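Contents: one structure, followed by commentary.
Where a number appears in this text, it was derived from the coordinates with a stated rule and is not lab data. Nothing here was measured: the structure is a model prediction, and the numbers come from that model. Positions of Cβ are generated from backbone atoms using ideal geometry, with glycine treated the same way; all protein chains shown enter the neighbour counts.
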């Protein structure tokens, strides 16, 4: 008796409709899963989601806080998207953000008397260099010995976070900080200018400029074309004479440098000092944002705002006695469904007999 089996067959050209429908369905399924969890815990899903939406996007304060959360998400997501374009799996944006924040903090803590026109560019450059070099530590073994960059970038996150903790608990600890793990406050010259009287700062313009620049590079430049070719097929790129090792080093450095800007923007634009826990996981959330945006720099800006709203909404429901972890759970569920949806975007399911005779598509 013939047995029926399933087979996944790669699509030659993924459906353009599926490319955009699958992420939308993924978000809806994540909300459905979150709703089931809320029902099981005795909550009303529609009330919780309504509260999250209103508190994050329904008021001036909520919109401001959403944008504050969205800025580092935009920057770290743009950073990882650059690496992902070349199939370099940079999972280390969190650590690169921390190293960028640390290096940027060194200048105002060491030479606080510098004027703003020297201080801020100096902090930006130091943050970029530190984030880029931290990523380069994983790019070198990847380029030379094919060491898996997923593991190395992930592990270096913890090293960077603990290094910053060492500094704020030790050498850089503010003696007047009431024993809290914080550095001394930055001078006014080391603070990024804000928009009016809100907490939204100039880091937003960094993100907007980088998004436009990356969109142009990906679509119109020869180097952007090289990144896509190398990501699609190293063999084809090598045959075309492209320098794969050099591009690995350059792309990973720039990817880390952009995340380093996110660290600089956080300590300069929001916190005004270096402290323990400067990021609630922006570098990890950036992975979800980048994939949900299909690595499109302009779309990343929009999705980052939505995820910023999700984080602010999570804090809002905590006031009502609902764990803020609901927002984190939704983020994880979205990533799970997006990655699962990629299968149906790139493959079609076939039902075949054991002998190989096709029954249906």
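Residue ranges 26-32, 181-187 sort as 181-187, 26-32 when ordered by packing (mean number of other C-beta atoms within 10 Å per residue, highest first). Compared with the dominant principal axis of the Cα atoms in the chain, helix 325-346 is inclined by about 40°. Our estimate of slack between residue 158 and residue 19, defined as 0.36 nm per intervening residue step minus the Cα-Cα distance, is 46.6 nm.
Cβ crowding within 10 Å, taken as a proxy for footprinting-reagent exposure, orders 137, 120, 12 from fewest neighbours to most as 12, 137, 120. Think of it as helices only: each DSSP H run of n ≥ 4 in the chain is worth -39500 (n - 2.57), and spread over all residues that comes to -23500 deg cm²/dmol at 222 nm. Sorting the segments 62-71, 273-282, 35-44 by their mean number of nearby beta carbons within 10 angstrom, highest to lowest, gives 62-71, 273-282, 35-44.
Shown for 304, 259: other C-beta atoms within 10 Å of each C-beta, ranked fewest to most, produce the order 304, 259. Within the listed set 172, 89, 145, the residue fluctuating most in the Gaussian network model of the chain (springs between alpha-carbon atoms under 10 angstrom) is 145.
Taking every C-alpha pair closer than 8 Å and separated by at least 6 residues, the mean separation divided by the residue count of the chain gives a relative contact order of 36 percent.
Each part gets one Cα centre, and for the range 315-343 versus the range 173-246 those centres are 26 Å apart.
For the range 324-343, the residues whose amide N sits under 20 Å from a probe point set 7 Å from the Cα of residue 47 along the beta carbon direction are 324-327.
Can you tell me the orientation of helix 116-145 relative to the chain, as the angle in degrees between its alpha-carbon axis and the longest Cα principal axis, to the nearest 10? Tilt of helix 116-145: around 40 degrees.
Comparing 202, 286, 265 in a Gaussian network model of the chain (Cα springs below 10 Å), the most mobile by mean-square fluctuation is 202. Mean separation of Cα pairs under 8 Å and 6 or more residues apart, divided by the residue count, gives the range 246-357 a relative contact order of 16 percent. Sorting 78, 73, 292 from the fewest to the most surrounding beta carbons within 10 angstrom yields 292, 73, 78. Using only Cα atoms and rounding to the nearest 10 degrees, what angle (0 to 90) does helix 297-318 make with the longest principal axis of the chain? Computed tilt is about 70 degrees.
Distance between the pseudo-spin-label points of residue 223 and residue 339 (7 Å out from Cα toward the beta carbon): 3.1 nm.
The mean sequence distance of close C-alpha pairs (under 8 Å, at least 6 residues apart), as a share of the length of the range 29-182, puts its relative contact order at 19 percent.
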